[in-house]
Structures are given as structure tokens and as C-alpha cells.
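Worksheet: the structure to be examined is printed underneath.
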Amino acid sequence: MSSFLQNLFKQPDESVIGIDIGSSSVKIVQLRKKKGRAVLETYGELALGPYAGLAVGQATVLPADKIAEAIKDVIKEANVTSVSAGVSIPFKSSLVSLIELPKVEPKQLQEMIPLEARKYIPVPVSEVTMDWWIIPTAEANDLDFIESVDEENNQLKAQEQKVQVLVVSIHNDILSTYTSIVKGAQLNTTFFEIEMFSSTRALLAGETVPVMIFDMGASSTKVYILEKGIVKYSHIINKGSQDITLSISKGLGVTFDRAEHIKRNLGTTTPAEEKNVYEIISLTMDYIFSEANSVVLNYQRRFNKAIGKVILTGGGSAMKGVLELAKANFQTEVEMGDPFSKVETPAFLEDVLKVTGLEFSTALGLALRKLQELG
């Protein structure tokens, strides 16, 4: 748990919070606006494992009332003063599809999108809430039609250009559960947002090359490939930092708690123990990186473009040695995410936030969006 005195920042401005409900912990960030800039007031994290009788670091599926209880606890412990919130929904609880449609009049396109999207949704459309974004054309001078010569008839014919649409759907039961969580935690929430969009808001800084965000959580690792801030490809890898803890526990014959401590404190272990732990970690990370590279390859085949940068985020990416492993596995530039660089923070927290910030990308991205609502 991390917090600091808010009276350092006392201002009449309205404060907002972003709440990221993960599989092993709940994270919260409180921001306010000062002279047009986002200012960090407080932040905190609370493990969810103990609410299910499990260890800290273990992933769990809690009922809505337990999650609401955890949110109220982290609000209290982090000295949060606002209830004006944006809340994340896990990527695994959504369906994100990139579809292609003919380039037609906007009104006609709006009618076509929900009809076409049905092909990608495995349940009746009436059971989901759906939204979509039309992706702008890559080049400013794109023509409405591309002309080509019909060699047989020596005539020009118009070939219809395609438009890409990002379609997002969430099952209504999921939304109902999160509405119950918000009500139980006594929050004033104006939106739910899939974690992918929140974390990218916090991590990207106007990159012009395709970027892959590598988000390693407790139960899974999410990878998102974006072009000019727009998601073009996404995938969930079914292993995360908890799998490393379980492997350490099994490999060294220690409890989950002890294995989690060893994983988080590699720098304090003996050289012999550290070597064994690195070998165990590498086995899981090799699988994760192999899957991530397959995503990169599929993206390159589909769009004929190369990844220009990989940004690491998520609590698992903070493990000692992960950055070096990532640089060895990805054939491109790799860097640690730094979401708190987008907000004004106390100087004495600068070094701490560069490490802990990896876990707060989603919560910070939510709070940034919430601040935008204030105008």
C-alpha cells in the first residue's frame, strides 16, 4: 500500500479517481487538475487474495460485494477523498474485433456496422452492449476510389476502398456485475472502460511507429499493437506473474507466500538461489515471449508493417531481469512504461513511481479520462 499526505496539494479543484480491478489486486489513482495539468494526489493497491482466503499475489474471482469491500478498504488506506470514478473492465471480459467494410456514406456505414459485427459476436446481439470506432485512413490524401485499368475492356473501373472499424462488445451480465460493485463501493461512476484503452492512454506519447504494449498481470499477459494510438491487434496469453510464483514454489519446494517473496526480492537472494530462480522464471517467460512474438508475426503478415517499439507494463514486468529478457526476445526497441510521467508528482516519489508505476497504468489512464470530463 502506498499513500502520501494530500495536504501538500490542497486546492479547490475537483478530484477524480481511476479504479483498476485486476485478478490479484485492486489499484486506485486520485488526480486533480491544476493550471491545466494533471496532478497526482494519492494512489494505492490492495491484494484481493486475502478476501478469498488466499495468499497475497494469488489471482481470485470474487463476488461483487467482496470487490466493493476491497475498493472501500483501499480508498480508506490510500486516503482517497473523491468518489468520482472511472472503472476498468478486464480485457478478457470483452470482445474486440477489427472488421472491414466498404467505404460508403457515414449514415449507411452506421447501419452496416452492427449487422456485420454480429458475425464476430458468439452470443445474441441483444445480450451485449456494443460500441465501435471508425479508424481514420492512414494517409491524408487517400482517394474515395482507386482507379485501375480493365485490361480486357480497356476501360476504367472504380474499386471500392475499404474502411476499418474497431468493434467492442461487453456482455450485459458483466456490466451488471460492475454496476453492483460501483453501487456497493458507493462510487459516482460515469463510465466503464476496457483496461486496454485505459493503459494505452497512460503509456503512449504520440508515437508514429506501430507500438506493442506488453502488459503482464497476475493471471495473464495482454498484448496490444497500436498504430498512431489506435488498436489494430490484441491478444491474451494465458500465463502471467502468478505462474512464475507457482513454478518457484514447486521448483524450490516452498510455500506460495515464500515463492512470491523470492520473486519480488531477487536482489536479496543468495547467488545460488538466484540462479535457480532465474532458470525457473526463464521457462515461463520463454513461453510468454514466444506467444507474444507469434502475435507480432501475425500482425506483420496481416498489415505488412513492423513493430517499432515494445512498451512493458503490468506488475509482472517489474520483476528483476524482465527488461533484459524482453530485449533479448524482441527484435526492436524495448522500454519500461512510465505512466506517471504524464502527471505532476512530488519529487520525493519520482524513483518509487518509476517502479510501482508499471502496476498503475490502467488506473492512471482511467483517472486521466475522468479528468477530461471536467473540461
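The values are calculated or read from the model by the stated rules, or taken from the named source; none is laboratory data. The structure presented is a predicted model; accordingly, all values stated were derived computationally and were not measured. Cβ placement follows ideal geometry from the backbone for every residue including glycine, while neighbour counts extend to all protein chains displayed.
Things worth noting here:
- Any chance THR284 is closer than 28 Å to SER234 by Cβ, among the β-branched types (Val, Ile, Thr) and either in contact with a Lys or Arg (Cβ under 8 Å, 6 or more places away or on another chain) or without any contact (Cβ under 8 Å) to a residue 40 or more places away in the chain (or both): yes
- The number of residues in the range 48-82 that are of a type in the set (A, V, I, L, M, F, W, C), assigned to a helix (DSSP H, G or I) and within 15 Å of TYR178 (Cβ to Cβ) comes to 5.
- Residues that are under 26 Å from LYS228 (Cβ atoms) and without any contact (Cβ under 8 Å) to a residue 24 or more places away in the chain, drawn from the range 287-327: SER294, LEU297, GLN300, ARG301, ASN304, LEU323, LYS327
- Of all the listed residues (VAL334, VAL355), the sole one being at negative phi, aliphatic (A, V, I, L, M), more than 15 Å from the chain's Cα centre (by Cα) and modelled with pLDDT of 95 or more is VAL334.
- None of PHE348, PHE360 is loosely packed, with under 15 Cβ neighbours inside 10 Å, of a type in the set (Phe, Trp, Tyr) and assigned by TED's automatic domain parsing to the domain that holds VAL39 except PHE348.
- Residues of the range 237-261 classified as at pLDDT 95 or above and either in a strand (DSSP E or B) or at positive phi (or both), total: 1
- Flag if GLU127 is under 28 Å from THR177 (Cβ atoms), modelled with pLDDT of 85 or more and among the acidic types (Asp, Glu): yes
- Identity of the residue in the range 88-108, within 21 Å of ARG369 (Cα to Cα) and among the aliphatic types (A, V, I, L, M), that ends up surrounded by the most Cβ atoms within 10 Å (Cβ to Cβ): ILE89
- Contact map, the range 219-236: residues that are touching a residue at least 12 places away in the same chain (Cβ under 8 Å) and under 23 Å from SER23 (Cα atoms) paired with residues that are among the hydroxyl-bearing types (Ser, Thr, Tyr) and surrounded by fewer than 18 Cβ atoms within 10 Å (Cβ to Cβ), Cβ distance under 9 Å, separation 6+ or inter-chain. Pairs shown: HIS235/SER294.
- Complete set of residues in the range 191-236 that are surrounded by fewer than 19 Cβ atoms within 10 Å (Cβ to Cβ) and of a type in the set (Lys, Arg): LYS228, LYS232
- Condition met for SER199 (modelled with pLDDT of 95 or more, out of contact with any Pro (no Cβ under 6 Å at 6 or more places or on another chain), under 17 Å from GLY315 (Cα atoms) and not in a loop (DSSP other than H, G, I, E, B)): yes
- Matching option when the condition is at pLDDT below 95, β-branched (Val, Ile, Thr), at negative phi and in contact with a Leu (Cβ under 9 Å, 6 or more places away or on another chain), among VAL211, VAL165: VAL165
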